[in-house]
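The structure under discussion is supplied below as structure tokens; questions concerning it will follow.
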Amino acid sequence: MDAQLRRGVLEICVLKALEKQDSYGYQIIKDVSPYVQISESTLYPILKRVCAAGYVTEYSVAHNGRLRRYYRLTEAGAARIGEFLREWEDIMRAYSFIKGEGR
Amino acid sequence: MNKTEYLAALRQRLSYLPPEAVNGPIGFYAECIDERLEDGMTEEEAVAALDSVEDAARSIEADLPLATIVKQRVKEKKERSGGTRPLWIVLAIVGSPIWLSLLITAAALVLTVYVVLWAVIISLYAVVLSLAAAGVAGIVGGFWFLPAGWSSALLCFGGGLVCAGLAILLFFAFTQVARWLLLLGKKLWLGVKALFIRKKESK
């Protein structure tokens with residue numbers, strides 16, 4: 001997959017992983033990795049980027065004698081998922097055309 | 001390799017960077033190792049599941065602002081050579097007509113590319129704006145020309161509709177082109193930034 005496309009898709013996967021409930025780094029990796037390959041090295045910059053863009057906020061909670069950093073999806077983040085899905089519909093139409101479906 | 005060794009190796013690999021740039025990602029890796037330990041893995045297994053120190057370091061470097069990387073690399077070189085030697089100062093001054101002009105040329109080249117990209121984007125939207133203005137003027141003008149005769153009024157009105165239609169169509173097309181151009185600009189910037197990131201073999 002093209003690196004730029006992969007980065008964009010991963011960003012949305014991370015937002016999606018936070019849609020139902022707040023989550024933390026390792027849990028996000030476990031939730032996303034069955035669908036797209038992701039590691040700590042790719043997740044950390046994505047989390048920084050989505051936080052900077054206002055799609056996600058972060059907070060810490062004490063857990064087993066240490067701090068666990070949680071991430072929460074904002075309204076802007078939820079809107080970004082919707083925007084991505086709308087954009088992707090155009091791509092899916094092109095995909096069907098390329099595959100020769102619907103003729 | 002256990003947790004302490006992995007984090008120490010990562011910190012050592014990034015030792016040329018300011019601590020505030022490194023503490024965040026290292027804390028993140030430490031947290032991920034702790035989570036794996038809670039999941040029942042041993043420290044060695046948890047570390048083995050992470051990316052290699054080199055890959056982790058490169059990913060952290062790639063995420064830093066260019067200014068931070070350049071500043072730290074200059075500082076690092078200075079420290080390695082034990083401060084700026086008089087010979088280097090003399091060479092820098094003597095060679096300045098060459099390296100300074102090359103540096104200015106390179107900076108001007110990068111700036112020119114950016115100016116051209118933005119100029120193209122602005123021009124495209126200027127075309128859309130002109131067509132939209134012509135469309136509105138044509139439609140309003142159509143009514144204006146009604147007393148002069150149906151043919152002139154219809155011609156003006158039709159022309160206005162064509163311009164308005166083109167403006168709407170081109171707005172979407174040009175928005176996509178603008179996105180591509182911005183993406184191109186970003187890729188160029190990342191290319192320039194990559195020149196300053198420490199090469200794998202130079203460690």
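Could you tell me which of the pairs A:Lys16/B:Lys3; A:Lys20/B:Lys187; B:Lys3/B:Lys186; A:Lys30/B:Lys187; A:Lys20/A:Lys48 are separated by over 32 angstrom between their Cα atoms in the structure shown?
With Cα atoms farther than 32 Å apart: A:Lys20/B:Lys187; B:Lys3/B:Lys186.
Can I ask one more? Write down Rg/Rh for chain A, rounded to two decimals, with Rg from the C-alpha atoms and Rh from the Kirkwood relation over Cα pairs.
1.06
If you don't mind, another one. For a test of the definition: using alpha carbon positions, the gyration tensor, and the 1.5 limit on a/c, classify the protein assembly as shown as rounded, prolate or oblate.
Cα axes put the protein assembly as shown in the oblate bin.
Any idea what log10 I(q)/I(0) is at q = 0.09, 0.15, 0.16 Å⁻¹ for chain B, Debye with uniform C-alpha scatterers and no solvent?
Values returned for q = 0.09, 0.15, 0.16 Å⁻¹ are -0.65, -1.04, -1.09.
State, to one decimal in nm, how far the label point of B:Leu100 lies from the label point of A:Tyr95, with both points 7 Å from Cα in the Cβ direction.
Inter-label distance under the simple model: 5.7 nm.
On to the next question. How many percent of the alpha carbon pairs in segment B:3-83 exceed a separation of 22 Å?
31 percent
To continue, here is another question. Where nothing but the Cβ of Lys and Arg (+1) and of Asp and Glu (-1) is charged, how large is the charge dipole of chain A around its Cα centre, in debye to the nearest 20?
Around 240 debye, computed over chain A.
While we're here: What net charge do the residues around A:Glu58 carry, taking every other residue with its C-beta under 15 Å from that of A:Glu58, with Lys and Arg at +1 and Asp and Glu at -1?
+3
Same structure, new question: In a Debye calculation with equal point scatterers on the alpha-carbon sites of segment B:111-203 and no solvent, what is log10 I(q)/I(0) at q = 0.12, 0.15, 0.17 Å⁻¹?
-0.56, -0.70, -0.78
I've got another one for you. Select from B:Phe174, B:Ser123, B:Ala62 the residue farthest towards the positive end of the dipole of chain B; place +1 on Cβ of Lys and Arg, -1 on Cβ of Asp and Glu, and compute about the Cα centre.
Sorting the options by dipole projection puts first B:Ser123.
Going 7 Å from the Cα of A:Leu67 along its beta-carbon direction, which residues of segment B:13-41 have the amide nitrogen within less than 14 Å of the resulting point?
B:23-31
Only the coordinates and a few stated rules stand behind these numbers; no lab work does. Predicted model, so just to flag it, every value in this text is computed and none were measured. Positions of Cβ are backbone-derived with ideal geometry, glycine not excepted, and every protein chain shown enters the neighbour counts.
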